[in-house]
1. Rank these residues by their accessible area, most exposed first, probe 1.4 Å: Lys224, Lys143, Lys403.
2. Report, by chain and number, residues whose modeled amide H sits under 5 Å from the one on Ile314, excluding near sequence neighbours (fewer than 5 apart, same chain).
3. Extent of segment 177-234 along each principal axis, from alpha carbon coordinates, in Å, largest to smallest?
4. Within segment 255-303, report the GluC sites (Glu not before Pro) that DSSP leaves as loop and that have at most 11 other Cβ atoms within 10 Å.
5. Roughly how many whole Å is it from the C-alpha centroid of segment 43-97 to that of segment 267-294?
6. Can you give the FRET efficiency to the nearest 0.05 for Ala376 and Glu247, using r as the Cβ-Cβ distance and R₀ = 45 Å?
7. Place a point 7 Å from the Cα of Glu170 along the Cα-to-Cβ direction; which residues of segment 179-202 have their backbone N under 19 Å from it?
8. How high is the relative contact order of segment 388-440? Use alpha-carbon pairs under 8 Å, at least six apart in sequence, and give a whole percent.
Amino acid sequence: MKKNLKRWAGLSLAGVMALSSLAGCGSEGGSDGDSGSSKSVTLTFGSHQSGLPTSGIVQDLAKEFEEETGIKIDFQISPDAQWRDLIKVKLDSGEAPDIICVDTPIGLASSIHMDQYCVELTDQEWVGRMEDSARSAVSVDDKTYGITFPGAKMYFYLYNKDIFQELGLEVPTTYDEFKDVCQTILDAGTTPVYECTTNGWHQVLPLFETGGLWLADDSEIYDKLNANEVDLDEIPHLLTIIEQLQECAEAGYFGEDYLSNAWENAKEAMATEKCAMTIAELGFRGEVEADYPDFKATEKLGAFIMPWGDNQTIGVNPASNAYFINKDSKYTEEAKQFFEFLARPENLQKRLDGQPELSALCWPEIESKYSEEDQAFLDSAEKANVVQTSVNYIDSQWMDIGKDLEAMYTGASSPEDVLKTIMDRRTEQAQLQKDPGWTE
């Protein structure tokens with residue numbers, strides 16, 4: 001078994017343990033006995049599984065920080081599907097970890113409102129070194145509360161160039177072309193697309209990474225949705241893509257086992273050429289090559305824009321997850337020390353080098369890992385912010401939507417049912433938040 005899979009096995013166990021341990025996860029003194037000494041401080045760091053790189057680079061940096069300062073970092077990892085509700089409960093009860101990893105942006109009404117629970121960091125030296133878009137994702141009213149590292153997150157279809165060449169296939173730019181490509185690959189005896197539903201998040205990407213389609217019809221659609229002036233059933237692209245997903249699943253383009261597939265096995269599926277395509281970030285190729293060096297993923301895997309609904313705009317998520325300091329922590333100054341340590345240029349470079357799936361950081365001083373070919377590809381395409389970072393009550397129900405789509409795939413619901421459930425859930429969340437657009 002590969003090294004990173006062993007690491008995830010450990011993290012999964014840690015996740016189960018964290019569900020019980022987070023109830024009493026406040027900072028503790030170390031064995032030195034002097035609670036006033038930094039050497040006796042242990043900072044608790046709570047995160048969901050996907051909040052930390054599988055390579056363990058953050059844990060490695062934490063070890064270096066401990067060697068330098070004597071301050072220990074106790075990582076407490078919880079399952080993705082449970083983290084959002086768990087951390088909200090712990091924040092409300094005053095029992096949250098010292099450092100908290102959550103998804104951004106925090107300015108949306110449907111966010112966890114880290115500005116209410118966490119220490120303001122605006123005066124920290126490193127704040128001004130982050131890209132503006134990343135800083136805005138961890139800020140409210142021009143006050144910064146978190147630190148984040150990954151560059152803009154962008155998902156594509158990564159495809160096996162050899163398979164495409166052998167079958168005489170061109171990169172598809174429309175949904176019909178995509179279907180033709182999938183059918184040709186399937187007829188040749190290979191699964192066209194590696195899709196996985198057990199993780200809950202992956203199958204949702206086509207719905208909301210294609211917000212450029214929405215904006216092309218109405219440049220103010222995100223604002224109108226947030227004001228409840230229109231609803232999701234007035235955006236035809238959304239239902240169309242849900243229907244297209246069902247069509248591809250029924251046609252066998254996702255293979256026979258997609259309902260039991262896990263994202264952790266995507267690298268193997270692509271490297272062994274069991275599948276020809278999968279939705280991933282460009283940096284996924286580095287992950288594949290790290291585990292399967294003979295496959296030469298950076299050379300063999302090309303990329304194209306997800307053509308669901310005939311989309312040809314790259315969806316951009318300006319920031320994904322970030323770290324925050326619990327304002328109830330006894331050790332806020334020590335936590336600030338850790339953030340300062342992570343933001344040092346040499347440690348930013350270590351993070352980029354030690355995270356194979358990462359192509360760039362949101363720190364302009366650190367050069368990206370994009371090749372000239374990748375950069376030219378990115379520069380040539382139109383871009384638009386993804387729906388989940390722009391529209392309220394989408395990201396907060398992401399994992400639930402994954403279950404909705406799974407129910408559709410098993411025949412328990414229809415595309416129309418999926419859309420209605422998303423709308424109803426969005427209304428419910430807005431009313432619970434007493435959102436003026438729904439309550440006035």
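The values are calculated or read from the model by the stated rules, or taken from the named source; none is laboratory data. Everything numeric here is computed off the predicted structure, so don't read it as measured data. Please note: Cβ atoms are built from the backbone with ideal geometry, for glycine as well, and neighbour counts cover all protein chains shown. Heavy atoms of the whole protein, side chains included, go into the accessibility calculation; ligands, DNA and RNA do not. Shrake-Rupley method; radii C 1.70, N 1.55, O 1.52, S 1.80 Å.
1. On the way: Lys224 60, Lys143 95, Lys403 130 Å².
Largest to smallest exposure gives the sequence Lys403, Lys143, Lys224.
2. Glu382, Lys383, Ala384
3. Computed over segment 177-234, the largest-to-smallest principal extents equal 49, 28, 15 Å.
4. Numbers: sites: Glu256, Glu264, Glu268, Glu273, Glu281, Glu287, Glu289, Glu299; in loops: Glu256, Glu273, Glu281.
Hits after loop and neighbour filter: Glu256.
5. 28
6. Working: r = 33 Å, r/R0 = 0.73.
Calculated transfer efficiency: 0.85.
7. 179-185
8. On the way: 24 pairs, mean separation 16.4, N = 53.
Averaging sequence separation for qualifying contacts and normalising by length gives 31 percent for segment 388-440.
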